[in-house]
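First the structure, in the form of structure tokens, and then the observations on it.
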Amino acid sequence: MMAWETSIMRSSVDALLPGLPAGKRILNIGFGMGIIDAMFRETQPSRHHIIEAHPEVLKHVEGSPDCTFGKDWEAGGPSEGAYKIHAGKWQEVVPRLLEQGELYDAIYFDTFGEDYSQLRMFFTEYVPGLLDEGGIFGFFNGLGADRKVCYDVYTKVVEMHLTDAGLDIEWNELDVDMKGLEEEGKGEWHGVKRRYWTLDKYRLPIITLMG
Ligand SMILES: C[S@@+](CC[C@H](N)C(=O)[O-])C[C@H]1O[C@@H](n2cnc3c(N)ncnc32)[C@H](O)[C@@H]1O
């Protein structure tokens, strides 16, 4: 993960858990390199659930000594099942969590590579049922980030769809240090298929239940 993304993960955790209180119930969708989960873990949550689908990522979690989210982490939770990586697509796992009556104080969604329809389905069909009163939902906001005009249009579209879903949104605008991010294929983009970020401002979403 690039430095600018790590700093966005930091700001997202600070926004989802204001004051970083211990004992919160957290759901993170998309483990990736576990950057945001390591930050969530530092807050000493009472529940910390992660959903990850990619077999290679799951293999790394289970088998690599570099990864500290394996079985020992799960076993160290305050109760059975409190700390858990759910293997599988969120589209299959989340309905089960909902059925089990799980409720969260903070939910984060970052499944790079899926299109907007999936994010919209997640916040429309599941967030209202999974987020407890006073809880906060956020997602990695890279929507349309290859052009400012597209980013602005997505901002409006997301606002509209969140309202339809009964959710309120506030944006926290952050500066992005563009050093090394200016040119396709160069600097931070060396070896990266597509320059998926081109903007010097990041709009961080802070989403709550309406009312
Ligand atoms: C950009 S990474 C997440 C990075 C993470 N926020 C971090 O701080 O390291 C996206 C992750 O989402 C996972 N993913 C993509 N689609 C998914 C799905 N439908 N269900 C569960 N995980 C998914 C990918 O395998 C990948 O590990």
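Each reported figure results from applying straightforward, stated rules to the coordinates on display, with no laboratory input. None of the values given here were measured: they were computed from a predicted structure. No Cβ is skipped: glycine too gets one built from the backbone with ideal geometry, and neighbour counts run over all protein chains shown.
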So what's the gap between the Cα centers of the stretch 113-182 and the stretch 185-211, to the nearest angstrom?
-> 11 Å
Positive-end extreme of charge dipole, the chain - chosen from 142, 101, 209 (charges on Cβ) = 142
Given 0.36 nm per residue, what is the gain on full extension from residue 177 to residue 14 after removing their alpha carbon distance, in nm?
-> 56.8 nm
Once you have the Cα-Cα distance between residue 132 and residue 38, take 0.36 nm times their residue separation minus that, and quote the gain in nm to one decimal.
-> 31.6 nm
Estimated vicinal HN-Hα couplings, Hz - the stretch 136-147 in sequence order (Karplus 6.51, -1.76, 1.60; Gly, Pro = x) | 10, 10, x, 9, 6, 9, x, 5, x, 7, 8, 8
Taking R0 as 35 Å and r as the Cβ-Cβ distance between residue 118 and residue 80, the FRET efficiency 1/(1 + (r/R0)^6), rounded to the nearest 0.05, comes to 0.70
Would you mind calculating the relative contact order of the chain from Cα pairs under 8 angstrom and at least 6 residues apart, reporting the percent as a whole number?
-> 19 percent
Using 7 Å Cα-to-Cβ label points, what is the residue 206/residue 192 separation (nm, one decimal)?
-> 2.6 nm
Please go through the residue pairs 179/201; 59/89; 148/186; 24/71; 148/193; 24/84 and name each one whose alpha carbons sit more than 18 Å apart in this structure.
-> 148/186; 24/71; 148/193
